[in-house]
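Read through the structure below, which is laid out as structure tokens, and then see the notes.
What follows draws every value from the coordinates through simple rules; no lab data is involved. Predicted model only: the values in this text are computed from it and were never measured. Because the Cβ atoms are built from the backbone with ideal geometry, glycine has one as well, and the counts that use them run over all protein chains shown.
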Amino acid sequence: MNREIKILTPSDKVIIPDFLEIFHDQLSNSRKLYEGDHAEKARKTYTHEFIEVNLDNSNKKFIGHYENGSLDGLLIEQKFDLDFNGRMAGIQWVMAKYTGRGVGTELINDTIRRAEENNYDVVGLNVARKNEDAIRLYKKLGFEFRHDDQGDGVHFYCKFINEDFR
């Protein structure tokens, strides 16, 4: 089994339909986990055009996980400069075509590794409070609950890279 993680670039725009297929399938499967219109907003935001335009954006990364040359997982990442002189790598979505095969773990660990290499202070993510499987995974990877939702059923978790940043 040959696995690879790749940050997509403008030359990878041919893969966008496959990326969106996984994204939309997983949004449909997880819709019951979100309150309100969180999943529908994501579906409307992450269009082919949006991804293509942002493949060149240094603050937003679309990351593909490939097994034997076939896309089987994705992660959308956003870089943030925080108000208190910190830097955060924010994981906006992580999805795998098939669960339980370690794809999400590999994608998240790759983000953590790059955050460490680039001297980021924290890796943060939002997760539906009903998504118990994802929360278990995030805790296993060292993420900590930081605050409750703002009425949309989403909680914020983070992993500190810089322990002084707590």
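Cα-Cα pairs above 27 Å in the chain: how many percent?
Working: 2937 of 13695 pairs.
I get 21 percent for the Cα pairs in the chain exceeding 27 Å.
What is the antiparallel percent of DSSP beta bridges lying wholly in the chain, to the nearest 5?
90
Exceeding 23 Å between C-alpha atoms, which entries from my cross-link table qualify? They are 44/139; 6/97; 130/159; 6/32; 32/61; 60/159. The partial results should precede the final answer.
Working: 44/139 30 Å; 6/97 16 Å; 130/159 20 Å; 6/32 30 Å; 32/61 27 Å; 60/159 19 Å.
44/139; 6/32; 32/61, as the Cα separations exceed 23 Å there.
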Nearest-0.05 FRET efficiency for residue 166 and residue 35 at R0 = 45 Å, using Cβ-Cβ distance, is 0.95
Using each residue's phi in the range 67-78, evaluate 6.51 cos²θ - 1.76 cosθ + 1.60 at θ = phi - 60° and report the 3J(HN,Hα) Karplus result to the nearest Hz, with x for Gly and Pro.
10, 6, x, 10, 5, 10, x, 8, 9, 10, 10, 10
Simple spin-label estimate for residue 140/residue 70, 7 Å along Cα→Cβ, in nm, reads 2.4
Starting from the amide H of residue 129, placed 1.01 Å from N in the peptide plane, find each other amide H under 5 Å away whose residue is 5 or more places distant or on another chain.
154, 155
